[in-house]
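Remarks on the structure that follows.
The values are calculated or read from the model by the stated rules, or taken from the named source; none is laboratory data. Every value quoted in this text rests on a predicted model; they were computed, and no experiment measured them. In this analysis, Cβ positions are derived from the backbone assuming ideal geometry, glycine residues included, and neighbour counts consider all displayed protein chains.
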Amino acid sequence: MTDRGSEGLRDRFRERVRTRIQTKLTVSHIAVVTLSLLVFSTLGFFFYMWLLWESNGRGGWFSWRAQLAQIVGITIVVLIVIAFITGCSIIVAMIASRYVARRLTRQISELEEATVAIAAGHLGNRVAILSDDELGRLAVRFNALAARLEELDQQRRSFVSSISHDLRTPIAIIRGNVDSQLRDADDETPAPIDAFRSIEHEAMTLGKLVDDLFTLSRLEEAALPMARQPVDLGLLIEDAVRAMRPYALKASRVSVNASVQEDVPPVFGDPTRLTQIVNNLLHNAVRHTPEGGIVIADVSALPRENTVLLAVRDTGVGIAPEVLPKIFDRFYQGDSVRSGGAGLGLSIVKQLVEIQGGSVAAESTVGEGTTITVTLQAAT
């Protein structure tokens with residue numbers, strides 16, 4: 001649609017809204033005024049008749065015939081007065097309706113113009129708050145919605161930029177290693193075994209990214225299969241730490257350990273999704289812990305609350321307080337603190353935990369490290 005066509009559509013919409021609201025208000029005001037006058041005049045007429053009846057001592061039909069001319073005259077005068085008052089009331093109602101309709105349609109026009117602008121992609125547009133009534137509150141909520149849409153759009157743009165980088169880098173490394181093995185060997189050509197190891201590592205990185213995107217898509221569609229059965233979280237943690245330890249030592253020289261409290265009850269959940277949660281937390285902690293650091297996965301029970309806690313602690317650089325509440329937002333990536341990923345891992349963790357009836361929280365101190373705590377319902 002062209003700009004001129006959009007402008008014409010907006011004008012027709014505003015005129016239609018203004019006309020309809022003004023017409024409805026005018027008709028309703030006139031109807032109220034007219035009905036009120038009719039009711040009061042009818043009651044007044046019968047009250048006057050009753051006074052005549054009483055003043056003549058309930059004289060019957062002869063008294064009525066004597067007063068007939070007087071009644072007709074008074075009735076005509078009353079009707080003339082009613083007509084005059086009704087005409088004045090209609091004029092006042094039309095003026096009041098026009099004033100009220102203008103105030104209403106002005107706020108509605110603001111909302112309509114902002115809606116058209118947002119639909120066209122201008123998410124920075126906001127509505128002026130012109131009143132403190134229902135329309136004013138609607139405008140406030142509209143502005144909040146627009147702000148949220150703008151924030152999500154910025155996160156989406158950041159995600160697209162990041163995901164492009166995350167895809168491009170492994171592909172470039174794989175292509176570089178393949179090219180080096182295809183051309184004639186020289187002093188700078190890596191050994192085949194080293195090239196294949198690098199290719200394997202980057203392929204695993206791409207695989208994890210694709211898995212995260214697939215999981216996110218299934219979560220949005222509410223189509224992710226989810227079992228609910230007792231799971232030994234302590235055993236699951238020990239297996240995950242054992243599998244993560246070689247990668248952590250080789251990639252970052254980070255020590256990964258498990259600490260499982262005795263007699264921890266099983267938890268209700270899906271074993272596959274719980275493994276995915278643990279792997280995401282461990283991978284995230286290792287990726288952001290400097291060389292020589294420590295990552296600990298701790299499992300403990302809170303019998304009084306019938307819950308089990310999983311806490312993944314690292315000795316990384318920590319997260320600033322103003323950033324901490326955002327780390328579970330989808331596509332969010334910390335500046336230099338938690339960079340290097342697509343911003344999907346912790347968001348997926350939060351959704352998977354909540355689907356299984358649990359909760360997740362984060363604590364961090366800059367320069368000391370971060371703790372992500374998952375609370376799950378015990379199966380006992």
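Quick notes
So that you can scan it fast, the table gives a plain yes or no per residue for (1) in contact with a Gly (Cβ under 6 Å, 6 or more places away or on another chain); (2) of a type in the set (Gly, Ala, Ser); (3) part of a strand (DSSP E or B):
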| position | (1), (2), (3) |
| --- | --- |
| ARG273 | no, no, no |
| LEU281 | no, no, no |
| THR289 | yes, no, no |
| ILE296 | no, no, yes |
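- Scanning region 202-257 for residues that are touching a Lys or Arg at 6+ places or on another chain (Cβ under 8 Å), surrounded by 17 or more Cβ atoms within 10 Å (Cβ to Cβ) and modelled with pLDDT under 75 yields LEU216, LEU224.
- Filter pass, GLY136 being at pLDDT 75 or above and in a helix (DSSP H, G or I): yes
Yes or no, residue by residue, for (1) basic (Lys, Arg); (2) surrounded by fewer than 19 Cβ atoms within 10 Å (Cβ to Cβ); (3) at pLDDT below 90; (4) in the same structural domain as LEU236 (by TED's automatic domain parsing):
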| site | (1), (2), (3), (4) |
| --- | --- |
| SER339 | no, yes, yes, yes |
| LEU344 | no, no, yes, yes |
| ILE355 | no, yes, yes, yes |
| VAL360 | no, no, no, yes |
| ILE372 | no, no, no, yes |
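- Hits in region 123-132 (condition: touching a helix residue (DSSP H, G or I) at 6+ places or on another chain (Cβ under 9 Å) and either part of a helix (DSSP H, G or I) or not small (Gly, Ala, Ser) (or both)): LEU123, ASN125, ARG126, VAL127, ILE129, LEU130
- Taking residues in region 238-253 that are in contact (Cβ under 8 Å) with a residue 12 or more places away in the chain and more than 18 Å from SER198 (Cβ to Cβ), and partners anywhere that are small (Gly, Ala, Ser) and surrounded by 14 or more Cβ atoms within 10 Å (Cβ to Cβ), the pairs with Cβ atoms closer than 7 Å and at least 6 places apart or on different chains are GLU238/ALA258; VAL241/ALA258; VAL241/ALA297.
- Residue satisfying condition, being modelled with pLDDT of 70 or more, surrounded by fewer than 12 Cβ atoms within 10 Å (Cβ to Cβ) and assigned to a helix (DSSP H, G or I), within set ILE80, ILE85, ILE108, ILE95: ILE80
- Complete set of residues in region 258-271 that are under 30 Å from GLY292 (Cα atoms), touching a residue at least 12 places away in the same chain (Cβ under 8 Å) and exposed (fewer than 14 other Cβ atoms within 10 Å of the Cβ): GLN261
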